[in-house]
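Please read the structure below before turning to the comments.
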Amino acid sequence: INSHLHRFPALALSLVQTLILGYGGYLTFSGKLSLGNYLAFNSLFMVIIHSLTILISVTPGIISGRVSLARVNELLDYKPRVELNDHSPQLPAITTGIHLDNVSFSYTPGLPVLKKLQFTIPANGYTVIVGTSGAGKSTILQLMLRFADPDEGKVCYDGADIRYVDYSSLLKQTGIVFQDTFLLNTTIRDNICIGHSEASEQEIIEAARLAEIHDTIERFPNGYDSKVQHQGGSLSGGQRQRIAIARA
């Protein structure tokens, strides 16, 4: 599009200029137009062409700027789907488990993703949620982390509705490792202790041991001070996953 905005107007202006030179020269030599009038008209036309060329050259930038401004305004005007309370009580450490009580949720009104869902995830052991694509697995995770609130029902940690507890105390008790992990361009040590900057060296090593990545890190030239490059691209997929598990 940018190429066309430069090419087509320039071609049209060149054709018009050729027409003026040809026809204006014909009128001048035939005595129907004075040489002074012809030069004045041609000079005025060249000034107009120069102005139009500048306008055409900045048009792509103006269009791109409008799109970028619309995206920035969309981000600034974004309103979260959840309302946070500034003076909510802290969520105690989880001892029993997480309970979804008759939870219904929909992204589009009238098209529920979850309907009257009810189950309990015990604090000990592992719970696996399986299902086809679009069944609502990621939606359940979003509700458990309160990225969104259910349309009906409630999500409880040890019986406490997470809508009425301090949100930061909820996040401190959760850790997520997605299939596509994201690491920052800093040391392995910093990537592990993100969100827990006061962690001691022993805590970092213990987290790495639990994630079964400690021995691999020790074999790196600089150990835990080795730099992660290209957002984790300098590591294998398994190494990125295990560092993310250690971080969680």
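Output yes when any residue across region 58-71 is under 30 Å from residue 136 (Cα atoms) and within 26 Å of the chain's Cα centre (by Cα), and no when none is. Working first, answer last.
First pass over region 58-71, keeping only residues under 30 Å from residue 136 (Cα atoms): 71.
With the extra rule that they be within 26 Å of the chain's Cα centre (by Cα), the set shrinks to 71.
Taking every residue of region 58-71 in turn, at least one turns out to be under 30 Å from residue 136 (Cα atoms) and within 26 Å of the chain's Cα centre (by Cα).
Looking only at residues that are over 20 Å from the mean Cα position of the chain (by Cα), within 16 Å of residue 167 (Cα to Cα) and charged (D, E, K, R) in region 145-156, which one is most open to solvent (accessible area, probe 1.4 Å)?
154
Among all residue pairs at least 6 apart or on different chains, which show Cβ distances below 9 Å where the first residue, located in region 160-180, is of a type outside the set (Ser, Thr, Tyr) and part of a helix (DSSP H, G or I) and the second is at pLDDT below 85 and surrounded by fewer than 16 Cβ atoms within 10 Å (Cβ to Cβ)?
Listed pairs, sorted by first residue: 163/82; 163/83; 163/85; 171/195.
Could you identify the single residue in 142, 179, 202 that is exposed (fewer than 12 other Cβ atoms within 10 Å of the Cβ) and either over 17 Å from residue 241 (Cα atoms) or among the hydroxyl-bearing types (Ser, Thr, Tyr) (or both)? It would help to see each step written out before you state the result.
On the way: 142 fails: exposed (fewer than 12 other Cβ atoms within 10 Å of the Cβ); 179 fails: either over 17 Å from residue 241 (Cα atoms) or among the hydroxyl-bearing types (Ser, Thr, Tyr) (or both).
Every option except 202 fails the conditions.
Restricting region 229-248 to residues that are hydrophobic (A, V, I, L, M, F, W, C) and at pLDDT below 90, which is surrounded by the most Cβ atoms within 10 Å (Cβ to Cβ)?
First, pick out the residues of region 229-248 that are hydrophobic (A, V, I, L, M, F, W, C): 235, 243-246, 248.
Now narrow it down to the ones that are at pLDDT below 90: 235, 248.
Working: 235: 22, 248: 13.
Step by step, filter region 229-248, then rank; the result is 235.
Residues in region 79-91: is at least one farther than 30 Å from residue 142 by Cβ, touching a residue at least 40 places away in the same chain (Cβ under 8 Å) and part of a loop (DSSP other than H, G, I, E, B)?
At the first step, the residues of region 79-91 found to be farther than 30 Å from residue 142 by Cβ are none.
No, because not a single residue in region 79-91 is farther than 30 Å from residue 142 by Cβ, touching a residue at least 40 places away in the same chain (Cβ under 8 Å) and part of a loop (DSSP other than H, G, I, E, B).
Inspect all residues belonging to region 105-125 and state whether any of them is surrounded by 12 or more Cβ atoms within 10 Å (Cβ to Cβ), within 16 Å of residue 163 (Cβ to Cβ) and touching a residue at least 60 places away in the same chain (Cβ under 8 Å).
No: zero hits.
I'd like the full set of residues that are among the acidic types (Asp, Glu) and either within 22 Å of residue 16 (Cα to Cα) or open to solvent by less than 90 Å² (accessible area, probe 1.4 Å) (or both), limited to region 46-86.
We begin by selecting, within region 46-86, every residue among the acidic types (Asp, Glu); these are 74, 77, 83, 86.
Selection gives nothing.
The values are calculated or read from the model by the stated rules, or taken from the named source; none is laboratory data. Source: prediction; values computed, not measured. With ideal geometry, Cβ positions are generated from the backbone for all residues, glycine too; neighbour counts draw on all protein chains shown. Each accessible area value is taken on the protein alone, full model and side chains, heavy atoms only, with ligands, DNA and RNA left out. Shrake-Rupley method; radii C 1.70, N 1.55, O 1.52, S 1.80 Å.
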